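Here is the structure we will look at.
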């Protein structure tokens with residue numbers, strides 16, 4: 001009898017201060033190692049940066065420095081005919097890496113290419129996913145967008161991939177997590193939002209259990225009184 005597939009943990013990373021200049025990122029090293037194979041092959045989703053070639057080359061080098069084997073772009077932001085090629089790349093990879101950029105633009109590409117259901121299939125079949133910055137947000141349930149940046153009344157919730165059953169923001173500590181708080185104000189009472197600071201991460205296990213990585217993850221809750229701060233989720237000793 002074929003064994004039942006179990007989803008792998010999802011790593012949501014913010015990226016660390018100084019970017020890639022400081023050598024290997026220990027959180028990314030751990031995330032890649034979770035694939036359980038030496039030098040895992042990586043499928044790179046760059047939809048949030050319009051499949052930027054320069055960003056891909058830079059991050060591919062960084063991924064290899066953190067233990068990855070071959071890193072291949074899954075082309076999604078270009079011609080529609082490239083989607084079939086992207087599916088082949090995603091299916092063959094040991095790990096799927098969702099890169100940073102603009103969340104709203106990235107989700108627009110994924111929705112237009114109708115690739116989100118396929119990504120969910122891969123996740124449910126046990127494919128490991130790693131996000132960084134905007135990629136981490138996109139792996140969660142929702143984000144916020146403004147039709148008019150100068151009009152708070154134009155804000156609305158943007159559905160994301162929903163592979164990680166939570167809502168998060170990354171490296172927003174400098175402005176007090178302004179966007180995350182705005183998102184929560186539009187959310188139902190009881191919604192929790194997670195602020196992943198620069199250099200930190202959040203491990204999401206298949207059963208929904210969470211582990212802060214590298215730094216405390218801030219938590220905010222939507223209550224009847226508005227958005228309130230909850231106790232931080234702290235890394236395990």
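The values are calculated or read from the model by the stated rules, or taken from the named source; none is laboratory data. Quick caveat, the model's predicted, so the values are computed rather than measured. We place every Cβ from the backbone using ideal geometry, glycine too, and count neighbours over all the protein chains shown.
Assorted remarks:
- Within the stretch 145-169, the set of residues being closer than 20 Å to residue 200 by Cβ and in a strand (DSSP E or B) comprises 167, 168, 169.
- Counted residues, the stretch 179-237 - those being outside any loop (DSSP other than H, G, I, E, B) and in contact with a helix residue (DSSP H, G or I) (Cβ under 9 Å, 6 or more places away or on another chain): 17
- For the stretch 63-91, filtering for residues that are in contact (Cβ under 8 Å) with a residue 12 or more places away in the chain and within 18 Å of residue 31 (Cα to Cα) leaves 10.
- Residue within the stretch 164-171 that is modelled with pLDDT under 95, farther than 20 Å from residue 88 by Cα and more than 11 Å from the chain's Cα centre (by Cα) present: yes
- Pairs linking a residue in the stretch 97-122 that is on the phi > 0 side of the Ramachandran plot and in contact (Cβ under 8 Å) with a residue 24 or more places away in the chain to a residue that is part of a helix (DSSP H, G or I) and crowded, with 21+ Cβ neighbours inside 10 Å, with Cβ atoms under 6 Å and 6 or more positions apart or on different chains, are 101/48; 101/49; 101/134.
- Restricting 125, 65, 82 to those that are at pLDDT below 95 and out of contact with any strand residue (DSSP E or B) (no Cβ under 8 Å at 6 or more places or on another chain) reduces the list to 82.
- The one condition from (1) farther than 22 Å from residue 42 by Cα; (2) surrounded by 23 or more Cβ atoms within 10 Å (Cβ to Cβ) that residue 149 does not meet is (2).
- Among the criteria (1) part of a helix (DSSP H, G or I); (2) over 19 Å from residue 59 (Cα atoms), the one residue 135 does not fulfil is (2).
- Subset of the stretch 25-62 (residues that are in contact with a helix residue (DSSP H, G or I) (Cβ under 9 Å, 6 or more places away or on another chain), without any contact (Cβ under 8 Å) to a residue 40 or more places away in the chain and closer than 24 Å to residue 84 by Cα): 51
- Qualifying residue in the stretch 198-211 (condition: farther than 17 Å from residue 129 by Cα, surrounded by fewer than 16 Cβ atoms within 10 Å (Cβ to Cβ) and at pLDDT 95 or above): no
- Hey, residue 90 under 22 Å from residue 8 (Cα atoms), touching a strand residue (DSSP E or B) at 6+ places or on another chain (Cβ under 7 Å) and surrounded by fewer than 23 Cβ atoms within 10 Å (Cβ to Cβ) or not: yes
- Residues of the stretch 49-60 include at least one that is on the phi > 0 side of the Ramachandran plot and surrounded by 15 or more Cβ atoms within 10 Å (Cβ to Cβ).
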